[in-house]
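Below is one structure, written out as structure tokens; the observations come after it.
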Amino acid sequence: MNYTLNQMQVFQKVVQLRSITKASESLYLTQPAVSIQLKNFQMQFEMPLFEVIGRQVYITDFGHEIAAAVDEILFHVSEIHFRSKMFQGELAGKLKIASVSTGKYVMPYFLTDFIKIHNGVELSMDVTNRENVLSRLEKNEVDFALVSVLPRKLKVERMELFSNELYLIGNRGVEQNEIKSKNELQKYSLIYREPGSATRLSMEDFVERKNIDGFKKIELTSNEAVKQAVIAGLGISIMPKIGLRNELKSGDLKILKMRGLPLVTHWNLIWLKGKRHTAVSNSFLEHLENEKTSIIAEHFK
């Protein structure tokens, strides 16, 4: 049997994403190239590794066993690469971060210089919903997580970055610039994020404190979807200002003043309490301690 690293990397990505199309996009390969590598890998086994039904890839029990072995092999291959770099005096390894979806407007600015300085550091950043972020942190699958509301059940340590301001947002078709009473607010549909979202939690807390009811409620599963819905006039929402710079500048969206707003939380980089940091994650923390103030001043005034 002659397995290649390319075949194993393709199989690993297909297992992770359950899709040949998504795997090809993630690996920056064409779909035919991924399919060929996958076929060549499968030909070396008498039992099927996966089934394709429609566009969905289903991994067999045997496929999961092979996938676990592939993960182990590729991990050691990475270790060889990193150790060779470190032997030459270069910081090397993988930095793994999970970020809530709005954090995509935040985290890259704190990573850019660090990654440029340390060529031997590989970055893996998963941008997903808050529930998945905290699940990955709890399982110790990532070094750090970026959140705007601290978890209640997990014991974590944190580095506070800067404030996260949430405003009431409407589109250009909303004539008034200020909502002066809950009766005025109830004229609009309120667009929420999905349950568990930090933005959703903040918005629900505000609505409860204001004793607001009688409005039509719409639920969407991403900040981008909420943003586009507000632009289209489907309703209004409370959203983090940080993700709305371009739309506010163009006039597609506007801030609606209301007593009690903005809501203010804080962006926090968190990690499990007592976590043993790698050389890479420890170096990243040192980098933030030294550069955090200047990064915030340059990008988040």
### Summary
The strands (runs of 3 or more DSSP E) lying entirely within region 232-283 that contain at least 1 residues which are under 20 Å from THR102 (Cα atoms) and over 25 Å from the mean Cα position of the chain (by Cα) are 253-256
### Summary
Of those in region 231-244 that are over 22 Å from VAL106 (Cα atoms) and among the β-branched types (Val, Ile, Thr), the residue surrounded by the most Cβ atoms within 10 Å (Cβ to Cβ) is ILE236
### Task
Just one of (1) in contact with a Gly (Cβ under 9 Å, 6 or more places away or on another chain); (2) without any contact (Cβ under 8 Å) to a residue 12 or more places away in the chain trips up GLU72, so point out which.
(1)
### Task
Would you tally the residues in region 5-48 being farther than 17 Å from GLU65 by Cα and either surrounded by 12 or more Cβ atoms within 10 Å (Cβ to Cβ) or of a type in the set (D, E, K, R) (or both)?
19
### Summary
Considering residues that are surrounded by 14 or more Cβ atoms within 10 Å (Cβ to Cβ) and of a type in the set (Lys, Arg), the number found within region 275-301 is 2
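To keep it simple, each residue is scored yes or no on (1) in contact with a Gly (Cβ under 9 Å, 6 or more places away or on another chain); (2) over 15 Å from SER283 (Cα atoms).
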| site | (1), (2) |
| --- | --- |
| MET107 | no, yes |
| VAL121 | yes, no |
| ASP143 | no, no |
| ARG158 | no, yes |
### Task
Hey, could you check region 183-200 for residues that are surrounded by fewer than 16 Cβ atoms within 10 Å (Cβ to Cβ) and part of a helix (DSSP H, G or I) and say which is modelled with the lowest pLDDT?
ASN183
### Task
Within region 201-222, track down each residue that is touching a residue at least 24 places away in the same chain (Cβ under 8 Å), outside any loop (DSSP other than H, G, I, E, B) and either of a type in the set (A, V, I, L, M) or touching a Phe, Trp or Tyr at 6+ places or on another chain (Cβ under 9 Å) (or both).
LEU201, MET203, LYS217, ILE218, GLU219
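Can you name the residue in region 1-55 that is among the acidic types (Asp, Glu) and either in contact with a strand residue (DSSP E or B) (Cβ under 9 Å, 6 or more places away or on another chain) or part of a helix (DSSP H, G or I) (or both) and, of all such residues, is nearest to LEU74 (Cα to Cα)?
Kept after step one, since they are among the acidic types (Asp, Glu), are these residues of region 1-55: 25, 46, 51.
Restricting the remaining residues to those that are either in contact with a strand residue (DSSP E or B) (Cβ under 9 Å, 6 or more places away or on another chain) or part of a helix (DSSP H, G or I) (or both) gives 25, 51.
Numbers: GLU25: 20, GLU51: 23 Å.
This residue is GLU25.
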### Members of region 254-272 that are charged (D, E, K, R) and at pLDDT below 95
ARG259
### Query
So, in region 105-134, of the ones that are closer than 20 Å to LEU150 by Cα and in contact (Cβ under 8 Å) with a residue 60 or more places away in the chain, which residue ends up surrounded by the most Cβ atoms within 10 Å (Cβ to Cβ)?
ARG130
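The values are calculated or read from the model by the stated rules, or taken from the named source; none is laboratory data. Keep in mind that what you see is a predicted model, and the values were worked out from it rather than measured. Cβ sites come from the backbone with ideal geometry, for glycine too, and all protein chains shown count toward neighbours.
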